[in-house]
2 protein chains.
Amino acid sequence: MAEAISFLAPRADVLARRSEIVADLADLLAPECLIHEPRELMPFETDAFVSYRRMPLAVALPRSTAEVAAVMKYCHRYGIPVVPRGAGTSLSGGAIPQEDAVVLGLSKMNRILDVDFANRTATVQAGVTNLNISENVSADGFFYAPDPSSQLACTIGGNIGMNSGGAHCLKYGVTTNNLLGVKLVLTDGTVIDLGGKALDAAGYDLLGLVCGSEGQLGIVTEATVRLIAKPEGARPVLFGFDTSEQAGACVADIIAAGIVPVAIEFMDKQAIEICEAFAHAGYPLDVGALLIVEVEGSEAEMDDMLKSIVDIARTHKVKTVRECQSATEAALIWKGRKSAFGATGRIADYICMDGTVPLSQLSYVLQKTTEIVDHYGLRVANVFHAGDGNMHPLILFNANDPEDAAKAEAAGNDILRLCVDAGGCLTGEHGVGIEKRDLMRHQYAEVDLAQMMSVRAAFDPGWILNPSKVFPLDGRNAA
Amino acid sequence: MAEAISFLAPRADVLARRSEIVADLADLLAPECLIHEPRELMPFETDAFVSYRRMPLAVALPRSTAEVAAVMKYCHRYGIPVVPRGAGTSLSGGAIPQEDAVVLGLSKMNRILDVDFANRTATVQAGVTNLNISENVSADGFFYAPDPSSQLACTIGGNIGMNSGGAHCLKYGVTTNNLLGVKLVLTDGTVIDLGGKALDAAGYDLLGLVCGSEGQLGIVTEATVRLIAKPEGARPVLFGFDTSEQAGACVADIIAAGIVPVAIEFMDKQAIEICEAFAHAGYPLDVGALLIVEVEGSEAEMDDMLKSIVDIARTHKVKTVRECQSATEAALIWKGRKSAFGATGRIADYICMDGTVPLSQLSYVLQKTTEIVDHYGLRVANVFHAGDGNMHPLILFNANDPEDAAKAEAAGNDILRLCVDAGGCLTGEHGVGIEKRDLMRHQYAEVDLAQMMSVRAAFDPGWILNPSKVFPLDGRNAA
């Protein structure tokens with residue numbers, strides 16, 4: 001693909017000192033914790049936003065907070081850029097390195113340090129995968145709520161960096177709502193603890209600020225998260241509609257009625273076909289749009305809530321309502337949804353947008369999205385967290401055709417502008433990264449960006465942490 | 001009371017220019033929006049933390065964001081301290097002025113700007129009272145969740161400044177969990193918008209940072225908050241125990257089981273007697289401690305949850321379980337609880353601590369609190385949000401006896417240190433203000449405070465906003 005997004009030019013002084021830097025890092029890290037051979041660096045060139053790639057200077061894989069601090073202290077002293085990396089599943093290019101950067105990978109810090117049922121918390125190292133937390137407490141009847149589709153691979157550190165969400169965040173909130181504390185290595189290697197097992201914290205909410213700051217304010221090495229008791233039961237129910245507009249309007253009315261199911265997922269016809277072909281989830285193929293609504297609680301509670309939702313769906317001419325009959329069927333329904341990105345990747349290249357809109361704008365934005373993609377002569381599959389207004393249009397294109405790729409990127413940008421103009425925002429859970437960086441000016445005035453950059457400077461005055469991301473490259477001296 | 005807590009020395013240059021400053025402010029504000037006569041300034045000398053008082057230089061009561069911006073621009077230019085004020089109900093002295101400060105009161109900005117049921121949001125000016133929001137949407141079946149005991153008087157702007165909580169925050173979260181956007185006037189008068197009606201926002205979570213920042217990062221003039229649908233039904237249930245330790249252990253076990261009622265409030269024998277004498281709420285007087293547990297939902301849901309809670313309470317030898325029989329009785333039960341502070345004020349002077357502890361430490365901290373207060377020869381009434389681990393010991397003393405007052409302050413500080421040492425924190429919802437400022441070093445290392453102060457400097461480099469609060473006066477140049 002032609003590169004529409006630029007990176008900061010690598011610093012010549014850093015590149016010139018490459019072998020010296022590698023030798024210095026070798027003093028701080030065990031041999032198996034430092035990667036510098038070009039062939040071995042290749043897996044770190046990009047992340048799940050594969051349109052862009054850069055070879056890093058080296059990859060550090062520290063095993064402890066002390067080692068992270070040592071690497072940061074060294075890089076800070078010499079002004080060497082540092083790009084933190086969890087599992088490399090970022091969809092916005094948050095973990096894509098640059099030629100003069102040390103990638104700081106947290107994958108070796110993968111231990112669960114403490115599970116405290118009395119306080120309903122788990123404390124884990126940053127490289128622990130999202131799913132691993134839930135697996136560790138499942139037998140005791142608990143789980144960790146945010147559930148990105150990549151939860152098998154993605155790490156809690158990456159989740160904190162991007163304030164990740166997931167299908168079940170409608171009821172339980174996203175990462176920031178489930179995060180109680182972190183251990184944070186500051187740019188100069190100082191280690192601070194934010195939050196903890198008690199409600200709130202005196203002084204400013206630096207914990208909330210760090211969550212979603214895309215690795216630019218420090219390196220999270222440990223996190224304390226909230227555990228939630230598993231409900232008595234849970235039931236995904238399929239609601240099929242003739243049109244996307246009907247389904248969108250139904251979601252808006254459910255939310256406007258104050259009903260909060262665990263999840264309301266949306267799939268349009270294209271997405272249904274793709275996912276069904278891959279997962280054989282049993283989705284109806286004779287509908288134009290599908291909602292997966294999950295309710296939970298006792299049988300009576302689920303029946304109660306479902307009844308209210310069915311009543312609303314009827315006013316939008318729902319065509320099919322199908323409750324699943326078994327745990328196996330429920331698992332299949334979710335497997336179909338969660339494999340949407342992978343299944344789409346089998347039939348075409350795609351880029352996935354992540355705009356968020358007020359619920360009242362859902363139908364309008366769906367309709368306009370189709371118009372935009374049609375205008376570029378491309379196809380789109382919509383599969384997203386509808387209850388949160390968190391759109392995920394997957395724009396299908398052929399990556400081997402530069403013209404097609406440029407059109408896809410242009411269509412994606414048009415869709416994100418549409419979301420912002422509808423009162424929404426550029427990203428619900430994937431982060432700004434490098435993907436949406438140059439659109440930040442569409443969302444924010446200079447004064448807004450300047451204030452964010454001042455805050456950034458209060459943590460990283462040398463601008464070494466993940467430097468090409470989040471803020472447009474020009475005008476950075478505003479801070 | 002002898003003043004144990006110092007204020008910043010007033011700036012002589014500002015005091016010397018008093019009449020000039022008043023004249024300049026008179027150019028920016030209508031006559032009824034500027035107070036400068038000493039007699040009229042008196043109501044602004046202190047807030048609900050009445051142990052300390054200072055006469056401000058003037059009080060500005062702007063009617064619009066533009067007027068707030070004009071005042072801030074002026075004060076910023078001349079380095080004049082500004083102390084923001086909502087209803088003056090702060091329990092930590094957050095709104096107490098100083099001699100060289102302009103009090104910026106938001107009381108005239110009391111309009112509800114927008115109620116949007118489709119997106120379940122309300123947008124209000126900062127001076128709107130907490131209860132006013134719920135009253136405005138109640139007929140449509142919605143409410144605003146955080147409910148401080150002062151909700152009849154306290155403003156949403158003050159709630160945001162202190163990240164206020166309330167009895168019903170166990171299920172619905174505190175202010176930060178219910179805040180979607182603000183209009184913020186920066187120190188230099190620039191106006192920025194943070195957040196909005198859509199999920200999340202691209203870039204850093206400045207909205208979360210501003211919430212709880214005690215008026216030091218800017219002046220909130222408007223807020224968009226989440227509305228929640230009223231439950232089908234709600235039922236407070238009284239659980240009486242022989243001892244505080246039994247009640248505390250019961251709370252910990254409810255939470256550890258993953259059960260989340262709407263509220264779990266705790267009252268010890270002293271608090272029960274005080275509240276019952278005032279409100280005639282029908283509390284049992286033959287118990288040593290009382291829990292008010294509120295469940296909500298359909299009758300079946302409430303019965304289900306109650307059954308689980310009663311089972312747990314039985315293992316802690318619960319003596320009385322009493323469900324209320326009517327809406328009148330329910331209202332009385334809450335009236336008793338919410339008037340606890342006022343009722344206590346009728347029988348003695350008191351200071352109310354606001355430490356928060358992990359749930360597993362509840363019984364231990366209650367026991368130690370009694371020991372501390374006994375040691376000083378004082379009495380304590382405990383009435384607090386137990387489900388959140390948010391302690392509120394009311395230390396009773398005689399304000400006309402300086403020795404008694406000094407003992408009360410010392411006991412309060414000992415209790416807060418106890419909370420921190422038990423893994424908790426200095427404040428759950430009342431804020432640091434001036435009350436807990438000098439204890440911040442017990443909670444935080446210098447590097448933690450330095451990082452917070454750097455963030456503060458990114459918003460207010462001249463340190464003019466609420467300058468005597470939150471951070472210990474010495475060592476401020478660390479930032």
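The values are calculated or read from the model by the stated rules, or taken from the named source; none is laboratory data. Everything numeric here is computed off the predicted structure, so don't read it as measured data. Here the Cβ is made from the backbone with ideal geometry for all residues, glycine too, and neighbour counts use every protein chain on show. What goes into the accessible areas is simple: the full protein's heavy atoms, side chains included, and nothing from ligands, DNA or RNA. Shrake-Rupley method; radii C 1.70, N 1.55, O 1.52, S 1.80 Å.
Here are a few things to note about the model shown:
- Test result for B:Asn163, at the interface with another protein chain (Cβ under 9 Å from one of its Cβ atoms) and of a type in the set (S, T, N, Q): yes
- Residues within segment B:409-423 that are touching a residue at least 60 places away in the same chain (Cβ under 8 Å) and in a helix (DSSP H, G or I), tallied: 7
- The set of residues from segment A:45-70 being surrounded by fewer than 24 Cβ atoms within 10 Å (Cβ to Cβ) and part of a helix (DSSP H, G or I) comprises A:Thr65, A:Ala66, A:Glu67, A:Ala69, A:Ala70.
- Screening segment A:430-479 for residues that are in contact (Cβ under 8 Å) with a residue 12 or more places away in the chain and of a type in the set (Asp, Glu) and picking the one that is least open to solvent (accessible area, probe 1.4 Å) gives A:Asp460.
- Qualifying residues in segment B:397-417 (those that are open to solvent by less than 20 Å² (accessible area, probe 1.4 Å) and aliphatic (A, V, I, L, M)) - the one farthest from the other protein chains (Cβ to nearest Cβ): B:Ala405
- Checked against (1) crowded, with 19+ Cβ neighbours inside 10 Å; (2) of a type in the set (D, E, K, R); (3) within 21 Å of B:Thr46 (Cβ to Cβ), B:Asp388 meets all criteria but (3).
- Any hit, segment A:429-446, residues being within 11 Å of another protein chain (Cβ to nearest Cβ), of a type outside the set (Gly, Ala, Ser), over 23 Å from the mean Cα position of the chain (by Cα) and not in a loop (DSSP other than H, G, I, E, B): yes
- One residue from B:Gly173, B:Gly166, B:Gly141 being on the phi > 0 side of the Ramachandran plot, in contact (Cβ under 8 Å) with a residue 24 or more places away in the chain and open to solvent by less than 10 Å² (accessible area, probe 1.4 Å): B:Gly166
- The listed residue being part of a helix (DSSP H, G or I), out of contact with any Leu (no Cβ under 6 Å at 6 or more places or on another chain) and open to solvent by 40 Å² or more (accessible area, probe 1.4 Å), out of A:Lys368, A:Lys335, A:Lys317: A:Lys335
- In segment B:233-248, the residues that are small (Gly, Ala, Ser) and closer than 17 Å to B:Asp304 by Cα: B:Gly233, B:Ala234
- Pick from segment B:251-283, criterion of a type in the set (Asp, Glu) and part of a helix (DSSP H, G or I), ranking: most open to solvent (accessible area, probe 1.4 Å): B:Glu273
- Consider segment B:140-159 and keep the residues that are in a helix (DSSP H, G or I) and more than 14 Å from every other protein chain (Cβ to nearest Cβ). The one that is nearest to the chain's Cα centre (by Cα) is B:Gly158.
- Residue match in segment A:283-296 (condition: within 14 Å of chain B (Cβ to nearest Cβ) and more than 14 Å from A:Asp242 (Cβ to Cβ)): yes
- Odd one out for A:Val287 among (1) at pLDDT 95 or above; (2) more than 30 Å from A:Ala411 (Cα to Cα): (2)
- Filter result for A:Asp304 (over 22 Å from A:Gln246 (Cβ atoms), within 14 Å of chain B (Cβ to nearest Cβ) and surrounded by fewer than 21 Cβ atoms within 10 Å (Cβ to Cβ)): yes
- Odd one out for A:Val295 among (1) farther than 12 Å from A:Pro236 by Cα; (2) β-branched (Val, Ile, Thr); (3) surrounded by 15 or more Cβ atoms within 10 Å (Cβ to Cβ): (1)
- Selected residue [in a loop (DSSP other than H, G, I, E, B) and either touching a Leu at 6+ places or on another chain (Cβ under 7 Å) or modelled with pLDDT of 95 or more (or both)] from B:Ile96, B:Ile5: B:Ile96
- Within segment B:145-163, being within 20 Å of B:Lys108 (Cβ to Cβ), open to solvent by 10 Å² or more (accessible area, probe 1.4 Å) and of a type outside the set (S, T, N, Q) holds for B:Leu152, B:Ala153, B:Gly157, B:Gly158, B:Gly161.
- Search result, residues across segment B:185-199 that are more than 14 Å from A:Ala445 (Cα to Cα), within 10 Å of chain A (Cβ to nearest Cβ), surrounded by 24 or more Cβ atoms within 10 Å (Cβ to Cβ) and out of contact with any Cys (no Cβ under 6 Å at 6 or more places or on another chain): B:Lys197, B:Leu199
- Lone unmet requirement of (1) in contact with an Asp or Glu (Cβ under 9 Å, 6 or more places away or on another chain); (2) open to solvent by less than 60 Å² (accessible area, probe 1.4 Å); (3) under 30 Å from B:Ala229 (Cβ atoms) for B:Gly288: (3)
- Residues in segment B:349-358 that are open to solvent by less than 20 Å² (accessible area, probe 1.4 Å) and either in a loop (DSSP other than H, G, I, E, B) or of a type outside the set (Val, Ile, Thr) (or both): B:Cys352, B:Met353, B:Asp354, B:Gly355, B:Val357, B:Pro358.
- Qualifying residue in segment B:209-224 (condition: touching an Asp or Glu at 6+ places or on another chain (Cβ under 9 Å), open to solvent by 20 Å² or more (accessible area, probe 1.4 Å), in a helix (DSSP H, G or I) and not aromatic (Phe, Trp, Tyr)): no
- Of all residues in segment A:225-250, those being open to solvent by 20 Å² or more (accessible area, probe 1.4 Å) and either closer than 30 Å to A:Ala458 by Cα or away from chain B (no Cβ under 14 Å) (or both) number 8.
- Conditions (1) over 19 Å from the mean Cα position of the chain (by Cα); (2) over 18 Å from A:Leu217 (Cβ atoms): number failed by A:Val71: (2)
- Members of segment B:111-138 that are in a loop (DSSP other than H, G, I, E, B) and in contact (Cβ under 8 Å) with a residue 40 or more places away in the chain: B:Phe117, B:Asn119, B:Arg120, B:Ala126, B:Gly127
- Per-region count, segment B:180-195, residues on the phi < 0 side of the Ramachandran plot and not in a strand (DSSP E or B): 4
- Close pairs from segment A:373-387: first charged (D, E, K, R), partner in a strand (DSSP E or B), Cβ under 6 Å, at least 6 apart: A:Arg379/A:Leu396
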